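Reading through the structure tokens given below for one structure.
The values are calculated or read from the model by the stated rules, or taken from the named source; none is laboratory data. Bear in mind that the values here come from a model prediction, so they are computed numbers and not experimental data. All Cβ positions, even for glycine, are placed from backbone atoms using ideal geometry, and neighbour counts span all protein chains on display.
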Amino acid sequence: MSENLFDLSGQVALVTGASRGLGQGFARALARAGADLVVTSRRRADLAPFVEEIAAMGRRAVPLDLDVRDEGSIERMGAAAEAAVGQVHILVNNAGCNVRKPALEVTWEDWNLVLDTNLRGTFFVAQRMARGMIERGYGRIINIGSVTSVFGFAGLAPYGASRGGIRQLTMSLADDWGRHGVTVNCLAPGWFRTDQNKVLYESQEWVDYLVDRIPVKRPGAPGDLDGAVVFLASEASRYMTGQTLLIDGGISTGATRATVKTDPVTSKKDPVTSKGHL
Ligand SMILES: NC(=O)c1ccc[n+]([C@@H]2O[C@H](COP(=O)([O-])OP(=O)(O)OC[C@H]3O[C@@H](n4cnc5c(N)ncnc54)[C@H](OP(=O)(O)O)[C@@H]3O)[C@@H](O)[C@H]2O)c1
């Protein structure tokens, strides 16, 4: 074993939904830590520039097709991954989608799209890849959750249900597979600007509202999740399983109250917030 607890040399990490956004960031961070990659998209051709980038780093990335809403596609991807690289040591279950609507407007189709992709997809990809991990007695599974895994947000009913489900699924799988040397944890990001939510960031009013509620006073930026994903993928997290790690600039502390400049009950100015420190 390497003396560096975060060294992933000699390991292979499979990242689903690595064509863009957070998934591509996770894959890049794992490659920088020494891992070779299997990366997936519903359109494998979209992965070509990223495969080249990883090759330029001296690492290998095998691009594969995967639609997590299709049972056959999961089986074909799993078989192709094992045929190409032999053993997959690390799985990052990142592929996901969102439908942002008031709860009264959510349709049956919206619900199925979000739950099938995020929750059912996460489970069946984990199940497919865990077979080999259990056989070999080693694996690291990282399910991507969200602050909505633990808190409610208006307009995100199906999404929040899927992310809350992922947190619970993580605990159940951890209990099931821990005895086989496979750890299962959930990495729960806060708010990061990606294709999935860029429409929100086009509104300055929304960005101000968001930043007001984040103790470190900015949304997530590229690289902010790198340390957490490498930690969960590596020897460094060997005694940790079934947990949800929130990387969110502190929004889950409930920081909204800190922004009140005048106490609504006493009408007194707050000594800290009224000076503009927050
Ligand atoms: N951005 C945030 O603030 C945030 C916060 C917390 C959690 N998350 C979660 O983190 C993950 C990545 O988010 P992101 O913001 O990077 O989103 P994104 O830019 O929309 O990327 C989503 C990825 O998921 C893949 N995907 C979507 N549907 C799929 C399907 N049916 N089968 C296989 N792959 C599918 C897409 O791949 P192709 O289109 O190439 O197939 C794409 O690579 C998602 O699960 C998201 O919900 C995001």
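Things worth noting here:
- Restricted to the stretch 190-219, and to residues there that are part of a loop (DSSP other than H, G, I, E, B) and among the polar types (S, T, N, Q), the residue that is modelled with the highest pLDDT is T194.
- Number of residues in the stretch 25-49 that are assigned to a helix (DSSP H, G or I), more than 7 Å from the ligand (Cβ to nearest atom) and not aromatic (F, W, Y): the value is 12.
- Pairing each residue of the stretch 200-227 that is under 11 Å from G250 (Cα atoms) with any residue that is surrounded by 12 or more Cβ atoms within 10 Å (Cβ to Cβ) and of a type in the set (A, V, I, L, M), provided the two are 6+ apart or on different chains, yields C-beta distances under 6 Å for R213/I251; R213/A255; I214/I251; P215/A255; K217/V211.
- Residue among G96, G72 that alone is modelled with pLDDT of 95 or more, touching a strand residue (DSSP E or B) at 6+ places or on another chain (Cβ under 8 Å), within 14 Å of the ligand (Cβ to nearest atom) and not hydroxyl-bearing (S, T, Y): G96
- Top-ranked residue of the stretch 141-152 - restricted to ones that are surrounded by fewer than 24 Cβ atoms within 10 Å (Cβ to Cβ) and more than 11 Å from the ligand (Cβ to nearest atom), ranked as nearest to Q243 (Cα to Cα): V150
- Set L104, L91, L64: member being over 20 Å from Q196 (Cα atoms) and either more than 15 Å from the ligand (Cβ to nearest atom) or modelled with pLDDT under 95 (or both): L104
- Residue count for the stretch 227-244 satisfying the condition of being under 19 Å from H89 (Cβ atoms) and under 11 Å from the mean Cα position of the chain (by Cα): 2.
- Selection status of A55, crowded, with 16+ Cβ neighbours inside 10 Å and over 29 Å from G190 (Cβ atoms): no
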